[in-house]
Amino acid sequence: MPDVQISPGNLGAVICLEGSGKLWKLLKQSLDGIDGPSEFVLARSKDLAADVLALCRRLAPAILVIEDSRIQVLPFKQLRDMLSRRDVQILVFSDKADDASYEEYFRLGCAGVVPYKITRQMVRKAVIAICSGELWLPRKVLSKLAQEAFLQGNTRKITQRESEIFKLICLGFKNQQIAEHLFISRETVRWHLRSLYSKLGVDSRTAAIRYAKQGGETNLASDPSAR
């Protein structure tokens, strides 16, 4: 059976692997109540995906705390629904400080990343923040992720005509060529382009093409004459 401490009035469960002895000690020192019972359920799971999944289902809402070197143990596919509902959230200990690593962890489904050399107070702050529904990531990374989400949301609102024009400018068509191809006026093309640029968050044809090349608009058909 997993090592579980149940206490009244808890904020949620905090789970780590049995093989993570140092991490378990740090969590207990950081989260155990100093003047009374802890607000948290502290639990340890066997180092097997099935056991992690079973304990998450039993104790949800829960935070999984894990080292980056052992993250492959987590059954992300089976946890997907729980992660999307925020019934389970993941806090990773990692010394990878580059933005790309933070983004990679976030796209895996992790809610936060902290360095190995961290104070007990900061561990507690990170866990409480994640319990409250926050992300524990650098501000620069959060800003980029928020901008991407905004652009993707607006991209889904692109009209059929704007999508047609987007395809054509990516193929190198000039405004007059687009107008002749679609049997509309050049001024109408310009009007659609202004709307398109606004929705993509860009300010020029070059920037719109760069956005498409980076995969920003995944719904574009390859055939510019597709209706």
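Residues of segment 125-147 that are modelled with pLDDT of 85 or more and charged (D, E, K, R): K125, E134, R139, K140. Residue under question is A179, and the condition is that it be assigned by TED's automatic domain parsing to the domain that holds T159 and either at pLDDT 90 or above or not in a helix (DSSP H, G or I) (or both); does it hold? Here the answer is yes, as A179 does meet what is asked. Checking each residue in segment 182-227 for being among the aromatic types (F, W, Y) and either at pLDDT below 90 or within 25 Å of the chain's Cα centre (by Cα) (or both) picks out Y197, Y211.
I'm trying to understand the selection: among the residues of segment 148-164, which are modelled with pLDDT of 70 or more and either surrounded by 15 or more Cβ atoms within 10 Å (Cβ to Cβ) or not in a helix (DSSP H, G or I) (or both)?
Going residue by residue through segment 148-164, those that are modelled with pLDDT of 70 or more are 148-149, 157-164.
Within segment 148-164, K157, I158, T159, R161, E162, S163, E164 meet the criteria.
The values are calculated or read from the model by the stated rules, or taken from the named source; none is laboratory data. It should be emphasised that the depicted structure is a prediction, and the values quoted were computed from it without experimental measurement. Ideal geometry is used to build each Cβ from the backbone, glycine not excepted, and the neighbour counts take in all protein chains shown.
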